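The values are calculated or read from the model by the stated rules, or taken from the named source; none is laboratory data. Being a predicted model, the structure only gives us computed values, none of them experimental. No Cβ is skipped: glycine too gets one built from the backbone with ideal geometry, and neighbour counts run over all protein chains shown.
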Amino acid sequence: MKRPLGPSAHGRTDPGATASPPGRGVTATWWYTLTAVVFLETMVVLIWVGTLFELARAPSTLLMIGVGGVVWIASTVQLLAYYRHRADEDTWSRWPRLLGPLLIAVVFGLLAGVASGVWLLAILPPVQSALLLNWPSGVRARMIVAATVLLGAAWFADARLTFDADPPGSWFLVGSFTALLPAMTVTSLWWWDVLITIDRARASEAHLAATQERLRVATDVHDLQGHHLQVIALQLELAERLMSRDPEAALDQLRAARASVDEARQGTRDLATRFRSVPLRDEIENAADLLRAAGTTVHTVVAPDVDEAPAPVLGPIIRETTTNVLRHGGGRWARLELTRDGAGWRYRIANDAGGSAPSADGAGLDGIGRRVSDAGGSLEVRRHQEEFAVTVTVPAVAERAR
């Protein structure tokens, strides 16, 4: 059975940078981002190995670039993990952890450039790894432009100098994909940053809503108890003064004080009931789960905008009628409906009639009738040979005004 979540359950997320762990949707998006970046880097390495194979480079060179590329990609995964769990600190605040992956990128770039004789392959790894650090947005934008220009210049220089103006047929694909890799990578990280900002805003909103709810509860309790305690204190003080002169009047004040205590207790109970109210959709699902647990086949029909229905009136009615079905129903089937009825709401519960006779006192239905009458609604009870149905109609506008 579903249970309502109180403010404490919704309001524990810290809206700061070190917020509580992100939800399942955010985590799934991170894995998508990580996979996208790793896929792009893997495609670059494979394209380079294929191009060098086309240029008839030595097998040792191809093996070195392939194995070194795998090690470099693994080092960028560590940089991406750091990027995910950063707390908006300075880029070099954790430099010992960053130094290893950056050195791997530089060494791989040098070895690949020397072995292949291609400037583009030597420049890409350290540039790509540097862009995975936690740079400020303005700095990163300038770095993307500089990296793209640098890789484009290396692409042009290799075409003119390294290959003597006769590059291989796949050179356009190699150069364009390599030069655009940093921009594509940063775009993926930018989407991740946007999602994190939205998630933090959602957490801040939930935290603020919970704080406002707690303040509202504290205000209501203060107003309710403060008023009654002040009245009780005055009544007891007056009774104390009248005790010696007019015992009968003092006794009247004590009775009034006791009545005030009862009013305060009832007010506190009503306040607690209001804050413990369960959404009507959950009320229907709870009732259906309870009936199914008793072996009853249940069918439910709930309006999409059921949250607008008057929960303080319909919630107790749903619970009371569900209890009646468990006590007096046949136990084979039941149907619960909560739908719109013009400007109001219509709740109907029907079940197979049990073998037991109707309750003599009818206290349950009488209580439902009083609730419905107070809300300005109507109650209809029908009993046939094979079916017992209770239909409640409540005007939503009248309940909100009340």
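Things worth noting here:
- Criterion (among the basic types (Lys, Arg) and touching a Pro at 6+ places or on another chain (Cβ under 6 Å)) met by exactly one of ARG258, ARG200, ARG241: ARG200
Residue by residue, here is whether (1) in contact (Cβ under 8 Å) with a residue 24 or more places away in the chain; (2) surrounded by 18 or more Cβ atoms within 10 Å (Cβ to Cβ); (3) within 30 Å of the chain's Cα centre (by Cα) holds:
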| site | (1), (2), (3) |
| --- | --- |
| GLY330 | yes, no, no |
| ARG340 | yes, no, yes |
| ASP366 | no, no, no |
| GLY377 | yes, yes, no |
| VAL381 | no, no, no |
| HIS384 | yes, no, no |
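- Scanning the range 118-156 for residues that are closer than 23 Å to VAL49 by Cα and surrounded by fewer than 16 Cβ atoms within 10 Å (Cβ to Cβ) gives ALA153, PHE156.
- In the range 117-131, the residue that is nearest to ALA183 (Cα to Cα) out of those that are in a helix (DSSP H, G or I) and among the β-branched types (Val, Ile, Thr) is VAL127.
- Taken together, the residues in the range 238-262 that are among the polar types (S, T, N, Q) and closer than 27 Å to LEU224 by Cβ amount to 2.
- Residue among VAL302, VAL325, VAL278, VAL313 that is surrounded by 14 or more Cβ atoms within 10 Å (Cβ to Cβ), modelled with pLDDT under 80 and β-branched (Val, Ile, Thr): VAL278
- Selection from the range 49-75 of residues that are in contact with a Pro (Cβ under 7 Å, 6 or more places away or on another chain) and within 14 Å of VAL37 (Cα to Cα): TRP72, SER75
So that you can scan it fast, the table gives a plain yes or no per residue for (1) outside the structural domain of GLY50 (by TED's automatic domain parsing); (2) over 29 Å from ALA157 (Cβ atoms); (3) small (Gly, Ala, Ser); (4) at pLDDT 90 or above:
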| residue | (1), (2), (3), (4) |
| --- | --- |
| ALA74 | no, yes, yes, yes |
| ALA87 | no, yes, yes, no |
| SER93 | no, yes, yes, no |
| ILE104 | no, no, no, yes |
| VAL107 | no, no, no, yes |
| GLY113 | no, no, yes, no |
| LEU121 | no, no, no, no |
| ALA130 | no, no, yes, no |
